[in-house]
Structure formats: C-alpha cells, structure tokens
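Input: a single structure, listed below in structure tokens.
What follows is calculated from the coordinates using simple rules that are stated; it is not laboratory data. Given the structure is predicted, the values throughout are model-derived calculations rather than measurements. Cβ atoms come from the backbone with ideal geometry, glycine included; neighbour counts cover every protein chain shown.
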Amino acid sequence: MKILIADDEMLSRRLLEKTLDRAGYEVVVVENGKQALEKLCQPDGPRLALLDWIMPELDGPSVCRALRKRSEQSYIYLVLLTSKGSKLDTVHGLESGADDYLTKPFNAEELRARLRVGERILLLEDRLVEARENMRFRATHDALTSLLNRGAIMDLLGRELHRSQREKKSTAILLGDVDHFKRVNDTRGHIVGDEVLIEIAARLLGAVRSYDFVARFGGEEFLVVLNNCDPAFGPNRGEEIRKLFSCRPIHTAKGPVAVTMSFGLLQSADWGPKPLEHLLHAVDLALYRAKGEGRDCLRIAMPETKDEIAFDETPHPARQQN
Amino acid sequence: MQNKAEHQAQQVWNLAELLARVDNDQELLHDLFGIFKEEFSRIKPSLEAAVAAGDLKKAADVSHALKGMLANLGAERAAAAAAKLEELASAGKQSALKDALNVLGLEASTLLPQIDAYAAEVRH
C-alpha cells in the first residue's frame with residue numbers, strides 16, 4: 001500500500017521512510033504541505049498519509065482541511081505527526097480532519113499498529129464503495145443481459161434529446177422486438193430463451209459506437225439510441241443492425257436458433273416540447289407497422305417537424321402476436 | 001522550567017530507545033548520525049544568529065526543528081534544552097534565550113562525542 005510522508009525535517013523523513021519501507025509500504029516522501037496536497041490529490045495518490053504538523057507552505061492541519069473539502073475523492077486516512085502534545089493541540093488536529101495523532105518521537109511498534117488501523121478503515125471504505133457501486137449497477141442495468149434497463153435509458157434518452165436539440169444534431173431512436181420470441185421459449189425452453197436474449201444484447205452492443213446507448217426495454221424489446229446521426233445514418237445503421245440477426249442464427253446449448261427482429265425508428269434534431277413518452281409511442285407505432293408488414297424489417301417514423309408525429313392510440317394487433 | 005529531578009531522570013542519550021526505534025538497523029543508524037551532524041552544523045550557527053539578532057520567530061522555528069531531530073535520536077536532555085529554547089522564543093522571552101542557548105550548547109557538546117564513540121565502536 002502507498003503511504004505519504006510529509007515532513008520538512010530530513011532526519012525524521014529518513015527514519016519514517018525506512019521504518020515504513022521495512023513494514024512493506026510503498027513510501028512517497030515530500031518536504032512540505034503543498035507537495036503533500038498535490039500528491040494526495042493525484043488519482044492514484046496514496047490513501048494513507050503521515051503529516052508533520054509544522055511544515056513550510058502548508059502545515060499538517062491545513063492539508064487535512066483542504067483534503068476533507070474534496071468529497072468526490074476516495075477517503076484518505078490522515079495521521080498528524082508532531083511534537084505538540086497538549087490536549088488542545090490534539091483536539092485542534094483531529095478537528096482539522098485528521099484521523100489520528102502521533103507524538104514525536106514515535107515508537108515504531110505504535111506507528112505500525114496505528115497505520116494498520118488506518119488500513120482496516122480504508123478496506124472497510126473500499127467494501128462500502130464497492131457495495132454502493134454494485135447497487136447502483138443493479139439499479140440501472142438489466143440482470144440478464146447487463147444492458148441498461150428501462151429506467152436508466154429513459155433518463156439518458158431525455159438528456160440526449162435535450163443535447164440533440166441544443167446542438168441541432170440528429171438523434172435516432174431504434175426500438176427492436178424479437179420476432180416470435182414466445183415460440184423460442186415454448187419450444188426450446190426459457191434457458192435457451194435467455195441465451196438468445198444475451199446474444200442479442202451482445203450483437204447490439206457490438207454494432208453501436210461507444211457514445212451510443214443500448215438498453216433492454218422490456219421482455220424481448222431493445223432500445224438503441226444513436227447519437228449525432230446525419231439523416232441517412234439512422235436508417236442505414238438500423239438496417240445493418242436488423243441484418244445482424246437474420247444473417248446468422250444464435251448458437252445456444254441446445255443448438256442454433258434462427259431469430260429475426262423487427263424495428264421502428266424515429267430520427268430528428270428538433271424534438272420540440274413533446275414528452276418522451278409521446279416520442280416513444282411514435283417509434284412504437286413504427287415497430288407495430290414492421291410487425292404488421294411481415295416482421296424482420298425496419299419501419300421509419302420520421303416526421304418533417306415535431307408536430308407531425310402521428311399518435312395512434314390504438315394497440316396494433318401485430319404487437320399481441322409478438 | 002524543567003526541574004532538577006526531571007533533568008536527572010533524563011539520559012544524555014537513550015540508546016536503547018533509539019535502537020528500538022530503528023529496529024536495530026545499524027546502517028540506518030549511521031545514516032541518521034550523518035544527517036544529524038550535517039544538519040546540526042548547519043542549524044547551530046543559524047540558531048545562534050537568530051538569538052543574537054533577537055529574531056524570535058526564527059529562533060522558535062529552528063529550535064523546533066532541532067528538538068524534533070534530537071528527540072528522534074533519543075537525545076533526551078538536548079531535546080529538552082531545545083524545547084525550552086523554543087518555548088522561550090515563542091513566549092517572546094528574549095532575555096532568557098542566551099542562557100537557554102548555552103544550556104543547549106552544553107548538552108550538545110556532551111552528546112556529540114557519545115554519538116561519535118558509538119559510531120566508531122559499531123564500525124569496528
């Protein structure tokens with residue numbers, strides 16, 4: 001583990017450096033508070049620090065205060081090291097944001113023991129951050145395919161359409177549905193059905209650019225958002241994506257499964273004030289049309305202006321047939 | 001002011017404490033002696049000049065640094081003398097500084113031969 005020693009006194013630096021090197025730490029040594037702050041603010045900087053109280057440029061408590069203002073950073077365990085010894089000094093040091101306080105001259109055993117406490121706290125913090133990140137991922141991603149889930153893509157799409165409107169750059173919304181997916185589940189079983197969905201997700205992700213989004217929108221429905229498109233790009237890429245499925249079957253544990261998908265596409269740079277749900281309804285209607293016109297095809301709902309999006313509230317019979 | 005009993009209880013040089021601090025690492029000990037002698041010869045005139053000029057801030061800063069070094073080396077009496085000097089300078093007691101500096105000088109002159117003797121003994 002990396003540890004920072006900040007001390008303006010050479011003998012103390014050498015003694016600490018050797019003691020901590022022997023204890024297995026990767027030691028970074030600096031001579032003043034300003035250098036300490038710079039090192040500790042680096043992305044891969046030490047997360048354990050021994051700071052002398054009195055130093056040039058910035059003293060130890062000032063370094064602690066500056067670091068504690070940076071809430072976005074990983075936690076750094078800070079130990080103040082000084083010859084000051086009054087209760088008032090201890091309180092002042094800890095209130096500046098230090099986690100611990102060690103009086104000079106230090107006892108090597110005590111120093112190592114206190115640093116082990118710091119390591120335990122950092123480990124605990126790492127576990128909490130990992131758990132939070134896992135929860136965040138689970139809240140925004142589909143458990144089966146690991147694609148973005150409906151809630152997350154709606155959020156991203158809303159922001160993307162605002163950006164598209166602001167920058168006058170076209171965005172394409174592509175909604176795809178697996179044709180006759182119920183038959184796959186009924187004849188091959190749900191495990192094969194899941195394999196098919198996982199492979200569809202992989203093919204979709206492989207077909208888009210790093211700044212596009214792919215989500216599992218519902219059971220066998222997938223939503224793709226293509227950003228910064230020129231007028232021809234959305235339909236062309238939509239067709240290419242459709243062909244990814246019709247051109248080769250999906251290999252599963254129970255053999256190859258031929259799968260096709262139908263798509264609806266809506267593309268614009270001028271989204272107007274209509275709510276997201278209305279736009280998705282328009283692309284959904286285009287998908288219904290693709291289903292109704294034989295499946296394994298793409299149909300476009302591309303209005304000339306934002307007011308020309310047709311809103312047909314009648315559910316299409318093709319949707320019920322999958 | 002440090003009383004006589006406290007002074008007597010302190011050792012000129014607490015070698016056992018120092019050896020424990022460096023985990024009995026003689027090579028490190030030599031490094032530390034080298035650093036101390038170099039730093040001390042640099043700091044001492046600067047401290048004397050600060051006291052002579054009545055520069056209390058500088059006298060306090062320099063004696064603070066010296067105190068840290070001496071304490072790390074287990075030089076208890078000299079560290080206490082440096083601490084006293086720092087305390088007096090911080091409190092603005094300029095008239096007492098010269099005496100305190102003399103005490104520190106005496107403690108250092110007792111300490112340095114002991115360090116040299118130990119270093120020579122270990123080397124052979």
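Computed values, structure above
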{"read-out": "Matching residues in the range A:233-250 - criterion: being over 28 Å from A:GLN267 (Cα atoms) and without any contact (Cβ under 8 Å) to a residue 40 or more places away in the chain", "value": "A:PRO249"}
{"read-out": "The range B:64-85, residues that are away from chain A (no Cβ under 11 Å) and of a type in the set (Gly, Ala, Ser)", "value": "B:ALA78, B:ALA80, B:ALA81"}
{"read-out": "Only listed residue being more than 13 Å from every other protein chain (Cβ to nearest Cβ), of a type in the set (Val, Ile, Thr) and in contact with a strand residue (DSSP E or B) (Cβ under 7 Å, 6 or more places away or on another chain), chosen from A:VAL79, A:VAL91", "value": "A:VAL79"}
{"read-out": "The range A:2-36, residues that are out of contact with any strand residue (DSSP E or B) (no Cβ under 6 Å at 6 or more places or on another chain) and away from chain B (no Cβ under 14 Å)", "value": "A:GLY33, A:LYS34, A:GLN35"}
{"read-out": "Subset of the range A:94-105 that is under 19 Å from A:ILE3 (Cβ atoms) and more than 10 Å from every other protein chain (Cβ to nearest Cβ) - its residue that is farthest from the chain's Cα centre (by Cα)", "value": "A:LEU102"}
{"read-out": "Residue within the range B:38-59 that is within 14 Å of chain A (Cβ to nearest Cβ), surrounded by 23 or more Cβ atoms within 10 Å (Cβ to Cβ) and under 12 Å from the mean Cα position of the chain (by Cα) present", "value": "no"}
{"read-out": "Residue in the range B:93-109 that is more than 12 Å from chain A (Cβ to nearest Cβ) and among the β-branched types (Val, Ile, Thr) present", "value": "yes"}
{"read-out": "Close pairs (6 angstrom Cβ cut-off, 6 or more residues apart or separate chains): crowded, with 20+ Cβ neighbours inside 10 Å in the range A:203-218, charged (D, E, K, R) anywhere", "value": "A:ARG216/A:ASP142; A:PHE217/A:ARG150"}
{"read-out": "Selection count where residues are more than 22 Å from B:GLU107 (Cα to Cα), touching a residue at least 40 places away in the same chain (Cβ under 8 Å) and within 8 Å of chain A (Cβ to nearest Cβ), scope the range B:22-37", "value": "0"}
{"read-out": "Filter pass, A:SER262 being more than 28 Å from the chain's Cα centre (by Cα), in contact (Cβ under 8 Å) with a residue 24 or more places away in the chain and buried (at least 22 other Cβ atoms within 10 Å of the Cβ)", "value": "yes"}
{"read-out": "Checking A:ALA108 against (1) within 14 Å of chain B (Cβ to nearest Cβ); (2) under 34 Å from the mean Cα position of the chain (by Cα), the condition it does not meet", "value": "(2)"}
